[in-house]
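To start, the structure under review is shown below, and the notes come after it.
The values are calculated or read from the model by the stated rules, or taken from the named source; none is laboratory data. A quick note: this is a predicted structure, and the numbers were derived from the prediction, not measured. Glycine also receives a Cβ, built like all others from the backbone with ideal geometry; neighbour counts cover every protein chain displayed. These area figures cover heavy atoms from the full protein model, side chains too; ligands, DNA and RNA do not enter into them. Shrake-Rupley method; radii C 1.70, N 1.55, O 1.52, S 1.80 Å.
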Amino acid sequence: MTTAMQRHNWDADIARRTQGLGGGEITAILALAGATDVITFSGGFPAPETFATGVLAEIAQRLITSDPAVALQYSATEGIASVRDYVSGRLASLEGRTPGDGELMITSGGIDCMELLAKTYLDPGDQVVVEAPTYLGAIMAFRGYEADVQGVPIDDDGLRVDVLGSRLAGGWRPKMLYTIPDFQNPSGRSMTLERRQELVALARKYGFMILEDVAYRELSFSGAVPPTLWALAPDVTVQAGTFSKIFIPGFRLGWAAGPAEIIARLVVAKQNSDQCSGALGQRMLEEYGRGGHMAEQIVRARALYERRAGLTGEALARHMPEGTTWTTPQGGFYYWLTAPGGVDTAALSAAAREKKVAYVPGRPFYPDDEGHAQIRISYSRVDDELIDEGIRRIGDVLKTALEGK
Ligand SMILES: Cc1ncc(COP(=O)(O)O)c(C=O)c1O
């Protein structure tokens with residue numbers, strides 16, 4: 001019993017599955033979403049210049065006036081039928097495969113798909129394999145259901161499928177493998193076709209589900225990308241897609257495509273979370289896409305991100321201390337840096353804040369204790385004219401740390 005004056009210790013009551021979940025990094029990233037005095041290379045935010053606000057305003061007004069019974073109403077949990085039809089047609093033309101009956105649902109962003117899958121399929125202690133490093137929101141989603149998250153390294157050709165193969169031969173029995181095959185977060189790297197085929201063969205042999213996250217797939221600078229894992233192996237793959245990076249994150253929309261029996265389970269799980277994704281956003285997405293605006297936006301976005309990636313690469317070459325290495329992205333939002341001399345990038349966050357620059361330290365992108373010398377740099381939302389100055393500030397922070405060693 002607590003008296004009126006005593007404060008209850010709510011922290012002592014938290015569920016076991018929530019303990020040690022962290023989350024501080026994502027909170028810190030989102031807290032800087034509106035910061036104007038910091039050069040922010042931290043969040044994986046799309047550039048607001050890519051948002052077609054005039055077209056969106058016109059579509060919103062039209063839908064609210066002429067289609068309120070659908071656009072302002074609850075919708076089917078699996079998504080509005082016409083919106084699923086639109087997304088299905090997109091997948092057919094982009095990936096060469098049309099989802100069959102019950103194989104596609106609309107989600108509230110990519111993270112919703114991960115959460116629904118984890119909730120539905122993971123018991124405490126179940127093994128989930130991820131790329132090391134990987135998207136930290138996914139690690140959190142799996143850990144939230146007390147999964148045993150294990151990392152497999154990546155190199156310039158993506159996931160080290162050979163390492164995965166020997167771990168499986170040695171006794172690993174994952175229920176799920178999570179991969180971002182195209183322009184990965186945080187490393188910017190992509191998986192070759194050969195490795196995709198080998199991964200699919202392992203999934204079929206050992207009976208695990210592949211969760212394929214295609215968040216940055218359409219933001220290739222050159223256009224050419226290997227087939228998706230879902231197109232190669234729809235029997236063992238669930239594809240998590242998002243409209244956050246190619247359209248807008250503000251509607252929180254994405255899709256899940258996979259075997260019908262899995263999607264049916266995810267629909268039930270969604271009934272117990274947000275019940276349905278927002279109808280206005282769904283209908284706006286559909287109208288925008290069918291009107292040809294999505295395709296135009298993606299062309300503009302690719303050019304913008306390619307230019308910013310180039311400016312960032314030039315600035316890194318100018319300002320990073322000797323011995324620093326980095327990946328060079330061919331698409332997506334990220335450079336992945338490794339600092340020399342045993343620098344601890346998390347410990348430098350305060351120094352970076354003082355210099356009014358922000359990045360994400362490498363450690364949280366790994367399921368175990370790695371990444372201390374690494375940094376993720378997201379160039380997607382930094383104005384062209386601020387990139388050089390921002391990278392110079394990060395270079396100064398690293399150089400000061402090295403001098404102090
Ligand atoms: C690889 C990857 N997947 C999924 C997401 C989640 O995006 P959303 O939930 O906005 O769709 C992100 C966002 O940063 C991401 O980087």
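Side notes on the structure shown:
- Cα-based Lys proximity count in the chain, under 14 Å, for pairs eight or more positions apart or on separate chains: 4
- The chain, accessible area per residue, ligands and nucleic acids excluded (1.4 Å, Å²): 43 Å²
- Of all DSSP-defined beta bridges confined to the chain, some 50% are antiparallel rather than parallel.
- Placing R0 at 51 angstrom, the Cβ-Cβ distance between Q6 and E194 gives a FRET efficiency of 0.20 after rounding to 0.05.
- Distant-in-sequence amide H partners of Q127 (H built 1.01 Å from N, under 5 Å): D148, K175
- Apportionment of accessible area to carbon and sulfur, the stretch 97-202, percent (1.4 Å): 46 percent
- Helices in the chain that qualify as membrane-span-like (whole DSSP H runs, Cα extent of at least 24 Å along the helix axis, mean Kyte-Doolittle hydropathy of 0.0 or higher) do not occur.
- Cut-off 13 Å between beta-carbons: net charge of the residues surrounding E261, Lys and Arg +1, Asp and Glu -1: -2
- Applying both filters, DSSP loop and at most 10 other Cβ atoms within 10 Å, to the trypsin sites (Lys or Arg not before Pro) of the stretch 269-362 eliminates every site.
- Of the GluC sites (Glu not before Pro) in the stretch 281-345, the ones in a loop by DSSP (not H, G, I, E or B) with at most 11 other beta carbons within 10 Å are E322.
- W172 accessible area, assembled protein chains, probe 1.4 Å, Å²: 50 Å²
- Net charge of Cβ neighbours under 15 Å - reference Q19; Lys, Arg +1; Asp, Glu -1: 0
- Dimensions in Å of the chain - Rg and Dmax from alpha carbons: 21.6, 66
- D213 - accessible surface, heavy atoms, 1.4 Å probe, Å² rounded to 10: 10 Å²
- Difference of contour (0.36 nm per residue) and Cα-Cα distance, A303 to Q271: 7.6 nm
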